[in-house]
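Inspection log for the structure reproduced underneath, given as structure tokens.
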Amino acid sequence: MSTFTLENEAFAGLVFYGGLCLAKTTAMSTVTAVYRFAKGSFPSAEDAKVLTKDPEKRKRLLQPNEEVERTRSVHRNDLENVVPFVLLGLLYISTNPPAATALTHFKLFTGFRFLHSFCYLIPLPQPSRVLSFTGGYLVTLSMLYRVLTA
Amino acid sequence: MSTFTLENEAFAGLVFYGGLCLAKTTAMSTVTAVYRFAKGSFPSAEDAKVLTKDPEKRKRLLQPNEEVERTRSVHRNDLENVVPFVLLGLLYISTNPPAATALTHFKLFTGFRFLHSFCYLIPLPQPSRVLSFTGGYLVTLSMLYRVLTA
Amino acid sequence: MSTFTLENEAFAGLVFYGGLCLAKTTAMSTVTAVYRFAKGSFPSAEDAKVLTKDPEKRKRLLQPNEEVERTRSVHRNDLENVVPFVLLGLLYISTNPPAATALTHFKLFTGFRFLHSFCYLIPLPQPSRVLSFTGGYLVTLSMLYRVLTA
């Protein structure tokens, strides 16, 4: 039986939890877009041009906004963490880990990641963000260890 | 027969169209480098040091340039969209979608992505960029739906 | 025999060298965190809040620092290069390249990437960073060529 099929419980877990984390990551594009309209802060001259004819207002629409930058940071943080997680997940599956161990890794990572975004966006007082970040990071390191010693 | 072989038409499609999108993404490094030299705008002190001995010119070489920042935004936008697309593509293939459906997804995404970069770099008036972005985004969501319900 | 198993020497090489490059990429989070504390430069208001009660010091803790931005650039550069490399690596393996050729690609890329981070972080005088970047880039292009012509 091939390792990379949905009949392999560990791989099916990666498909589901990896998919969930990627859904969360790409959803940040929508969150950023909503904040851009809510706060009136856009990245490029052609965006301001289509929204108003007033040159003064156009300038204001191109000012960076703290909350928009925050959603972009959450997005970048996901790219830095979710993408390596899914890639390592695929390499990790090839080492045939016990399904229960693999699923625990995937569930923990997913939980910590959602918690991290939650802490970052609200934002909750530190060290909540640092702790949820570190949780997901340790899961990644554990998978990395198995991948490199396989 | 294994799912992840080139004999599987859907997977062969991902290899080609995913490869094409990744080619476009990494090509942005070259585009950015060309703009950096054309506009004289570099990221680090050691870059300016090797280009001129004049301290005034060095300072000017380290000023950010609007068009360089634009190519970097296109690159970042690709990382935010192409990378999840290829990762989801691999998970999606494991759900054994009909080859024709899979190919339509991959072709549409690739078309929208190239269009998006084109709109962003020229730049064409809005909402051209928003529409091409949304097109690719919806394709990703459709693949995501199949992955999460598999 | 399936292509994506550790018995396939080329794939085992991707698991090891791809894992090594991803380890290096995620390690940049830790390097950045160390620099943030060493230089006293943090990204968000809630970070400063937990570190000091003095409003003046809080403001200073939120100023960007050149060396912190440098480690973040190294991290972004890895995301732009390592992630496409591992993704292309997976597509490339599906084209059944000779194991020796594949391993040479993976080893060269890994070498150039570690060299690049080294040049960027120290920093060594240019063109050391440009050359190590270009080396890894050419390896990626060679893999890309095989993927697109498969």
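The values are calculated or read from the model by the stated rules, or taken from the named source; none is laboratory data. Computed from a prediction, not measured in an experiment: that's the story for all the values here. Note: ideal-geometry Cβ built from the backbone for every residue, glycine included; neighbour counts use all protein chains shown. All accessible areas refer to the heavy atoms of the entire protein, side chains included, with ligands and DNA or RNA removed. Shrake-Rupley method; radii C 1.70, N 1.55, O 1.52, S 1.80 Å.
Any idea which of C:Leu79, C:Leu6, C:Leu14 is modelled with pLDDT under 90 and hydrophobic (A, V, I, L, M, F, W, C)?
Going through C:Leu79, C:Leu6, C:Leu14 in turn, just one is modelled with pLDDT under 90 and hydrophobic (A, V, I, L, M, F, W, C): C:Leu6.
If B:Glu80 passes every condition in (1) touching a residue at least 24 places away in the same chain (Cβ under 8 Å); (2) under 22 Å from the mean Cα position of the chain (by Cα) but one, which one does it miss?
B:Glu80 satisfies all of (1) touching a residue at least 24 places away in the same chain (Cβ under 8 Å); (2) under 22 Å from the mean Cα position of the chain (by Cα) except (1).
Considering only the range B:19-40, state which residues are in contact with a helix residue (DSSP H, G or I) (Cβ under 7 Å, 6 or more places away or on another chain) and either among the hydrophobic types (A, V, I, L, M, F, W, C) or over 27 Å from B:Glu67 (Cα atoms) (or both).
Within the range B:19-40, B:Leu20, B:Cys21, B:Leu22, B:Ala23, B:Met28, B:Val31 meet the criteria.
Could you check how many residues of the range C:91-100 are open to solvent by 10 Å² or more (accessible area, probe 1.4 Å) and touching a residue at least 24 places away in the same chain (Cβ under 8 Å)?
Of the residues in the range C:91-100, 5 are open to solvent by 10 Å² or more (accessible area, probe 1.4 Å) and touching a residue at least 24 places away in the same chain (Cβ under 8 Å).
Could you list, in sequence order, all residues of the range A:48-90 that are farther than 30 Å from C:Gly18 by Cα, open to solvent by 40 Å² or more (accessible area, probe 1.4 Å) and facing chain B (nearest Cβ under 10 Å)?
A:Lys49, A:Val50, A:Leu51
Would you point out which residue out of B:Tyr120, B:Tyr137 is over 15 Å from B:His75 (Cα atoms), facing chain A (nearest Cβ under 9 Å), aromatic (Phe, Trp, Tyr) and within 14 Å of the chain's Cα centre (by Cα)?
Going through B:Tyr120, B:Tyr137 in turn, just one is over 15 Å from B:His75 (Cα atoms), facing chain A (nearest Cβ under 9 Å), aromatic (Phe, Trp, Tyr) and within 14 Å of the chain's Cα centre (by Cα): B:Tyr137.
For the range C:27-47, what are the residues that are surrounded by fewer than 21 Cβ atoms within 10 Å (Cβ to Cβ), facing chain A (nearest Cβ under 9 Å) and either in a helix (DSSP H, G or I) or touching a strand residue (DSSP E or B) at 6+ places or on another chain (Cβ under 9 Å) (or both)?
C:Ser29, C:Thr30, C:Ala33, C:Ala45, C:Glu46, C:Asp47
The conditions are (1) surrounded by 18 or more Cβ atoms within 10 Å (Cβ to Cβ); (2) modelled with pLDDT under 95, and A:Val130 fails exactly one of them. Which is it?
Failed condition: (1).
Mind listing just one residue for me: the one in the range A:4-26 that is in contact with a Ser or Thr (Cβ under 6 Å, 6 or more places away or on another chain) and more than 8 Å from chain B (Cβ to nearest Cβ) and, of those, least open to solvent (accessible area, probe 1.4 Å)?
So the residue we want is A:Cys21.
Test B:Leu108 against the stated conditions and say whether it is under 17 Å from the mean Cα position of the chain (by Cα) and within 9 Å of chain C (Cβ to nearest Cβ).
no
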